[in-house]
Amino acid sequence: MADQAAPQTALLAGVPGRSRAWMIWLAATAALALVAPHLLASGFGISLLNRMAIAIVFALSFNMLLGQGGMLDFGHAVFFGLGGFATMHLLKLADAGIFLPVPLLPLAGALGGLVSAVPAGWVATRREGTSFAMVTLGIAELAVAFVVMLPQWFGGEEGVSGDRSAEPALFGFDFGAALQIYYVIAAWALLAAVLMWAITRTPLGRLTNAVRDNPLRVDFLGYDPARIRFLCFALAGLFAGVAGGMQALNDEIVTVSNIGSAASGAVLLMTYIGGVGTFWGPVLGAIVVTLLQMALGTLTDAWQLYSGLLFVFMVLWAPGGLSGIILSHAPLLRAGLGHRLLARYLAVVPAALLTLAGLIGLAEMAYRLQAVRSGGAPGRLFGFAVMPTDPVAWVAPTLLLLGGLLALRSLAPRARAAWQEAHTLLARGTPR
Amino acid sequence: MTENTALALEDLHKSFGATAIIRGVSLDIRAGSCHAIIGPNGAGKSTLFHLITGRLKLDRGRIRLAGHDITGLSPHRVFRHGLARSFQVTSLFPRLSVFENLRVAAMWQARCGHAYWRSVAGYPGLHGRVLDMLENLHLTPRRNVPAAALAYAEQRTLEIGLALIGGAHTILLDEPTAGMSRAETERAVALLRRLAGGRTLVLIEHDLSVVFDLADTISVLAEGQVIASGSPQTVRGDAAVRAAYLGTAAEDLA
């Protein structure tokens, strides 16, 4: 076939200027993944890395829908969880003596995710926008009901658990050790991320973006937008299933909570905080939110409140997410306009810290009031003894918060103005 | 219907509720011609386009495209039979670059299908086709700009480009020069003439200078019916057309 004579150069011609950049990124990421567990050589560090890797794959798969396809899926954890259950059942088969190499088990997750996303997508992708979101919410409820109804498959309340190190060792690895399972998980994360990135460069990937922007026009260009949404949905389910499989290997247990709405909400949160406008935004979001969850989770009971506040803050003031913030500053820094921002930005920092201190003070007092009432110790905060039962003690954080907010009110607009001025300069300075 | 009919409309009817918008339209559009459809506001011109392209369902009638019955097909199937269209209200992919807009529009023709296992840059001819169209539209310097950031006339030009690049043999253009200045309109007309190249153009247009410049056949639609059809000379002299075009447009016709 003459069509097959596609020269290799044509492949690179399509990505002008940046053709090799991805190889450097990939090599750097792989190198980082290799050394990271040795830099954080503790059980906590490695478990943190595993959670990040799982969250990255899950968030990237979610963004195939939200960022690439404009589809807000309120039930994405369904495919994550069912992928996890599929993996766990194979792990149990392996425990029972059937030869199934543990590192390959996330493939079962992929299959579980795909098989569950096909009927769900068949229903949901007939609609777009709000109707699509509503349908996915319904599907999520259905899936939870289904899992609860079949305890012989899904283990009821306790879930399904297995032992990844019970199999005979494979080339001397039994995958019981944290470091060994880390490398399995990191390899899957890298593979899944590369595949999801590659899909954005294919006809389907580009059509998905087109359907997000203007489904009607796609229909008049020879493609059925519902079919494109469906294919995207099925692939996103597949990769969510991979993430679920990775988690099944890591935790050695999958429960109904893995498919529930809280898990679906968590992936929305991290994807949005990272930013849906770029491919790598969700990676950033997954890393930051996982860090917050695990680091704050050990420090305070109020961590969910803090990640909720962060989410609200991002939606209101930085809808492009962390990656949006980076993207709107990178060209300014490159053009040497950074010095115009620095002073105004630095001025905001003390005000922001004051506000944050006040917020944390109030939140912790409220949480510890509960602890004291149930007979616990209030503990210390920022080196001070916390006395939540003393009304006077509430005055200090309240003042901090009010003072911080007042300062922000005058300083934040000036920082924003500096940013706008810098962009005006940039637009004027660059020839079209 | 004869051998060289690109598009045959047979007794089309469409009502919205009790209001009949299209009331028995029949037209034969000759292959390779430029056929303008004119008529006062509310005559049903855009509705007619929506019916032909499958956006709206017919109440009655039959549509044939190069001999194939396309009655009742959805828009993407109509496109696959070789009919593309542009929109009166610009309808682009706002967040995609100009290049990416054109590439998406050329994908079906390049047999990309729904592939998710092969780089879009690897399809033979696709890249070159987009570059050629960029050149023809004079949008090459703007190729990496998101469509939303283009100036209005540039967006209108890209709108025409999306309809032309997909390899359709029949192209429906809904007011391609709407909102353009005199100079921009002249450029768009030149572009259409250059790129038509043996294809059939069906044109809705209010600007009668564009109509008389481009069209070799004109049909006049009024109140959902074709009241006159023929060469520009015949239509210009038709009494019924003059009656439908009372006011300023009548002076344009003369």
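Each value in this text was obtained by applying a stated rule to the coordinates, not by laboratory testing. Since the structure is predicted, the reported quantities are computational estimates derived from the model, not experimental observations. Cβ sites come from the backbone with ideal geometry, for glycine too, and all protein chains shown count toward neighbours.
Taking amide H positions as modeled 1.01 Å from N, with prolines and chain starts lacking one, the residues under 5 Å from residue B:71 and 5 or more places away or on another chain are B:63. Measuring r between the beta carbons of residue A:257 and residue B:57 and using R0 = 45 Å, the FRET efficiency lands at 0.45. Phi-derived couplings, Karplus 6.51 cos²θ - 1.76 cosθ + 1.60 at θ = phi - 60°, listed residue by residue for region A:360-373: 4, x, 5, 5, 5, 4, 5, 5, 7, 4, 4, 4, 5, 5 Hz, with x used for Gly and Pro. Inter-chain Cβ neighbour count for A:207-215, averaged per residue, equals 6 (cutoff 10 Å, partner chain atoms only). Counting Cβ atoms of other protein chains within 10 Å of each Cβ in B:138-151 and taking the mean gives 1.
Of all the options A:203, A:119, A:151, the one that moves most in a Gaussian network model of chain A with Cα springs shorter than 10 angstrom is A:203.
In straight-distance terms, cross-link reach from residue B:57 covers every one of the lysines whose alpha-carbon lies under 27 Å from its own, apart from those fewer than eight places away in the same chain; here that gives B:14, B:45.
For chain A, what does the alpha-carbon gyration tensor say about shape, rounded, prolate or oblate, given a ≥ b ≥ c as the root eigenvalues, a/c under 1.5 as rounded, and a/b over b/c as prolate? Because a/c hits 1.5 or more and a/b fails to exceed b/c, chain A counts as oblate.
Given Cα pairs under 8 Å that are at least 6 residues apart, what percent is the relative contact order of chain B?
Reported relative contact order: 26 percent.
Each label was represented as a point 7 Å from its Cα along the Cα-to-Cβ direction; for residue A:149 and residue B:234 these points are 6.7 nm apart.
Remark: the Cα gyration tensor places region A:26-139 in the oblate category, a/c being 1.5 or greater and a/b not exceeding b/c. Here residue A:133 and residue A:30 are evaluated by their C-beta separation; at R0 = 22 Å the FRET efficiency comes out at 0.05.
Using a cutoff of 8 angstrom between alpha carbon atoms and counting only pairs six or more residues apart, the relative contact order for region B:51-177 works out to 36 percent. The alpha carbon centroids of region B:38-73 and region A:137-187 are separated by 56 Å. The charge dipole of the protein assembly as shown, taken about its Cα centre with unit charges on the Cβ of Lys, Arg, Asp and Glu (plus for the first two, minus for the last two), comes to roughly 1240 debye. Per residue, the average separation of C-alpha pairs within less than 8 Å and at least 6 apart gives region A:335-428 a relative contact order of 44 percent. Based on Cα atoms of region A:258-351, Rg over Rh with Rh as the Kirkwood radius reads 1.04. For residue B:173, the amide hydrogen comes within under 5 Å of the amide hydrogens of B:86, B:202, B:203, B:204, counting only partners 5 or more places away or on other chains and with H modelled in the peptide plane. Sorting B:210, A:148 by the number of Cβ atoms found within 10 Å of their own Cβ, with the fewest placed first, yields A:148, B:210.
What's the Kirkwood radius of region B:134-226 in Å, using all Cα pairs?
Taking the inverse mean of 1/r over all distinct Cα pairs, region B:134-226 comes out at 14.2 Å.
Secondary structure note: in the protein assembly as shown, about 65% of the DSSP beta bridges are antiparallel.
Just to confirm my numbers, what's the Cα centroid distance between region B:100-153 and region A:254-295 in Å? First find each Cα centre; the distance between them is then 34 Å.
Return the calculated 222 nm mean residue ellipticity for chain A, to the nearest 500 deg cm²/dmol, obtained by summing -39500 (n - 2.57) across DSSP H runs with n ≥ 4 and dividing by the residue count. Here the helix-only value at 222 nm equals -23500 deg cm²/dmol. Approximating the spin labels as points 7 Å out from Cα along Cα→Cβ, the residue A:299-to-residue B:145 distance works out to 4.7 nm. As a ratio to 2.2 N^0.38 Å, the alpha-carbon radius of gyration for region B:5-252 is 1.02.
So how do B:87-97, A:413-423 stack up, highest first, on mean other-Cβ count within 10 Å?
Working: B:87-97: 18.5, A:413-423: 15.1.
Ranked from most to least packed, the peptides come out as B:87-97, A:413-423.
Treating r as the C-beta distance of residue A:353 and residue B:11 and R0 as 51 Å, the FRET efficiency rounds to 0.10. Every Cα-Cα pair of region A:335-428 was included, and the share exceeding 21 Å stands at 49 percent.
Between beta-carbons, use under 12 Å as the cut-off and find the net charge around residue A:408, counting Lys and Arg +1, Asp and Glu -1.
Within the 12 Å Cβ shell, the charges total +3.
Packing, as the average of other Cβ atoms within 10 Å across residues, places the peptides A:389-396, B:11-18, A:51-58, A:359-366 in the order A:51-58, A:359-366, B:11-18, A:389-396, highest first. Per residue of B:159-171, other chain Cβ atoms within 10 Å of the residue Cβ number 1 on average. In terms of other Cβ atoms within 10 Å, A:232, B:34 run from fewest to most in the order B:34, A:232. For region A:203-235 versus region A:24-83, the inter-centroid distance based on Cα atoms is 26 Å. Working from label points 7 Å from Cα in the Cα-to-Cβ sense, the residue A:395 to residue A:22 distance is 6.2 nm. A Cβ-based charge dipole, computed about the Cα centre of region A:2-320 with Lys and Arg at +1 and Asp and Glu at -1, lands at about 980 debye. Amide H to amide H distances under 5 Å link residue B:222 with B:227, where only residues 5 or more positions off or on other chains count and H is placed in the peptide plane.
The peptide list B:134-144, A:120-130, put in order of mean Cβ contacts within 10 Å with the highest first, becomes A:120-130, B:134-144.
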